[in-house]
Amino acid sequence: MFGRRRFLGLSAGTAVAAVQACGAPGREPVGPDSRMVRLAERARRPANARRVDIELRARPGEADLGGPSAPTWMFNASLPGPEIRVRRGDVLRARLRNDTPEATTVHWHGIALRNDMDGVPGVTQEGVAPGGEFSYEFTVPDAGTHFFHPHVGTQLDRGLYAPLIVEERDEPGRYDDELVLVLDDWLDGLSAGPDARLAELRREGMSMDGGGHAHSGGAEPEGAQPGPLGADTGDVSHPHYLINGRVPAAPVVNRARPGQRLRLRLINAGADTAFRVAVGGHRMTVTHTDGFPVESHRVDSVLLGMGERYDVEVTLGEGVFPVVAVAEGKGGQAMSLLRTGAGTAPVASVRPRELAGRPLLARDLHASERVRLQTGKPDRTHTLRLGLEPSGTYRWTINGQTFDERTPMPLRRGERVRLRFVNTTMMFHPMHLHGHTFQLVGGARPGPRKDTVMVLPKETLEVDFHADNPGQWLVHCHNVYHGESGMMTVLSYTA
Ligand code: C2O
Ligand code: CU
């Protein structure tokens, strides 16, 4: 319901303006000027680029969560959907067929791709109608751990998500093997579903005070101290938490050999849940976040907001070890197992002691030298005040406006742009930028390169990026319920 409204008519004034500014009508009724976008992309494509062809079919089906079974929507009838694996510089061609009852799209989260393939209905394309098809085709410019999902309504809180792994053309190969672990909070098919939940949130409004926020999510366990995200970590209580589509009582078991150096690619595909992740009996070395390398950092646990990714390495001991992802501040958890030898599997509620201390946040990291932005002053700063207003409503805003009311923020190609996120609310917001990778600034040393960062309650946080990919690009909260309730806006530039 909520998604569909957006496809009726060409509401995107900014996109239409971009077409006119470039003076080329193009074939797409919505979207930036294709000719310019195509030329810009050609320049980034290596001479020996391969083309990888993928078929994606979004369709209702029954997901077996390892006990509970849930009617939902999935890509290619699997949960998570089919992993796409390409090499940096490859051309990915993905043909989407929509067999769901709603319009949909695919957004390639984390990829600095050509704007007209970004999958945002009303901004970069029209939604793909039920029964319709759309071919996405773009060069993949950067290696890293990414994922894809629809950008319509609450569809991400169904089963429509899958990893997109971009390998380096010559990976240094410090690790022996790797494993992709996708984390998710699950309610679809086991309750009224995400659209009903969103409608409910809007009806309730923000009934409670204490920062003006209803505590409708899973309760913090009695007596627990709030973690780095504060006391209020979510709006929705999901009955299950999953790693690679499984509840912890029926976990995925991955086999490996003791002594192996294993790279874990962690992806938070949740809608309303941050996950605190640890591997029982092991420390982890963080090597990348949101696809980009960082100075390696040894930790016990990491905290991933929705849309964030971390790559970590562990040197495996012998036995059976749980990988636990605790729903931060909510009480439940997801689990998978690593088996390198004999031993009894831990129970679903196991809490490795590695989870006890302060988890790593992105701000603790520093970009590897080769991906650092040069230090410099921004040519332009945009302030984004993250709000919940007026109080008593479920209306999440950026500078007082919901997405429907947005004033696009102008940029110019070639600028160094600073985004200053000012969080006026009592909740954290994982803010995600499309089409670019920013760098956290403000610390004594350059922060990590990322596309999604958690802005903590009442915090002001700044990021810089280079405006090198013209188009209409979303900046939004990756809490699906916040984004759908307004916390999204557009950065706009043509040349
Ligand atoms: Cu993963 Cu605009 O989103
Ligand atoms: Cu938010």
Can you go through MET426, MET409 and tell me which one is within 22 Å of GLU204 (Cα to Cα) and away from ligand 1 (no atom under 15 Å from the Cβ)? MET426
Picking from THR287, THR273, THR383, THR375, the residue that is over 21 Å from GLU178 (Cα atoms), part of a strand (DSSP E or B) and not aliphatic (A, V, I, L, M) would be THR383
Output the number of residues of the range 366-399 satisfying the condition of being under 24 Å from the mean Cα position of the chain (by Cα) and either among the hydrophobic types (A, V, I, L, M, F, W, C) or within 16 Å of ligand 2 (Cβ to nearest atom) (or both). 14
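Quick check on this structure: which one of ASP177, ASP142, ASP170 is without any contact (Cβ under 8 Å) to a residue 12 or more places away in the chain and either within 17 Å of THR287 (Cα to Cα) or surrounded by fewer than 23 Cβ atoms within 10 Å (Cβ to Cβ) (or both)?
Values: ASP177 fails: without any contact (Cβ under 8 Å) to a residue 12 or more places away in the chain; ASP142 fails: without any contact (Cβ under 8 Å) to a residue 12 or more places away in the chain.
Among ASP177, ASP142, ASP170, only ASP170 is without any contact (Cβ under 8 Å) to a residue 12 or more places away in the chain and either within 17 Å of THR287 (Cα to Cα) or surrounded by fewer than 23 Cβ atoms within 10 Å (Cβ to Cβ) (or both).
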Say whether the condition of being hydroxyl-bearing (Ser, Thr, Tyr), under 22 Å from ASN268 (Cα atoms), more than 13 Å from ligand 2 (Cβ to nearest atom) and buried (at least 20 other Cβ atoms within 10 Å of the Cβ) is met by at least one residue in the range 469-481. no
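Would you check which residues across the range 382-398 are away from ligand 1 (no atom under 16 Å from the Cβ) and within 15 Å of LEU461 (Cα to Cα) and list them? Steps first, answer last, please.
Of all residues in the range 382-398, those away from ligand 1 (no atom under 16 Å from the Cβ) come to 382-383, 385, 387-395, 397.
Of everything in the range 382-398, those that are away from ligand 1 (no atom under 16 Å from the Cβ) and within 15 Å of LEU461 (Cα to Cα) turn out to be HIS382, THR383, ARG385, GLY387.
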Hey, could you check the range 417-457 for residues that are in contact with a helix residue (DSSP H, G or I) (Cβ under 7 Å, 6 or more places away or on another chain) and closer than 24 Å to PRO470 by Cα and say which is surrounded by the fewest Cβ atoms within 10 Å (Cβ to Cβ)? LEU440
Tell me the strands (runs of 3 or more DSSP E) entirely within the range 291-343 that contain at least 2 residues that are in contact (Cβ under 8 Å) with a residue 12 or more places away in the chain and either closer than 24 Å to VAL475 by Cα or touching a helix residue (DSSP H, G or I) at 6+ places or on another chain (Cβ under 6 Å) (or both). 292-299, 302-304, 309-315
Could you say which residue among GLU308, GLU354 is among the acidic types (Asp, Glu), within 30 Å of SER492 (Cα to Cα) and within 26 Å of the chain's Cα centre (by Cα)? GLU308
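Here are some residues: VAL453, VAL422, VAL463. Which one is assigned to a strand (DSSP E or B), modelled with pLDDT of 95 or more and away from ligand 2 (no atom under 15 Å from the Cβ)?
Numbers: VAL453 fails: away from ligand 2 (no atom under 15 Å from the Cβ); VAL422 fails: away from ligand 2 (no atom under 15 Å from the Cβ).
Sole residue among the options that is assigned to a strand (DSSP E or B), modelled with pLDDT of 95 or more and away from ligand 2 (no atom under 15 Å from the Cβ): VAL463.
The rows are residues; the columns are (1) modelled with pLDDT of 90 or more; (2) touching a helix residue (DSSP H, G or I) at 6+ places or on another chain (Cβ under 6 Å); (3) within 24 Å of MET431 (Cβ to Cβ).
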site: GLY210; (1), (2), (3): no, no, yes
site: GLY218; (1), (2), (3): no, no, yes
site: GLY245; (1), (2), (3): yes, no, no
site: PRO248; (1), (2), (3): yes, no, no
site: ARG255; (1), (2), (3): yes, no, no
site: GLN260; (1), (2), (3): yes, no, no
site: LEU266; (1), (2), (3): yes, no, yes
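The values are calculated or read from the model by the stated rules, or taken from the named source; none is laboratory data. These figures come from a predicted structure and were not determined experimentally. We place every Cβ from the backbone using ideal geometry, glycine too, and count neighbours over all the protein chains shown.
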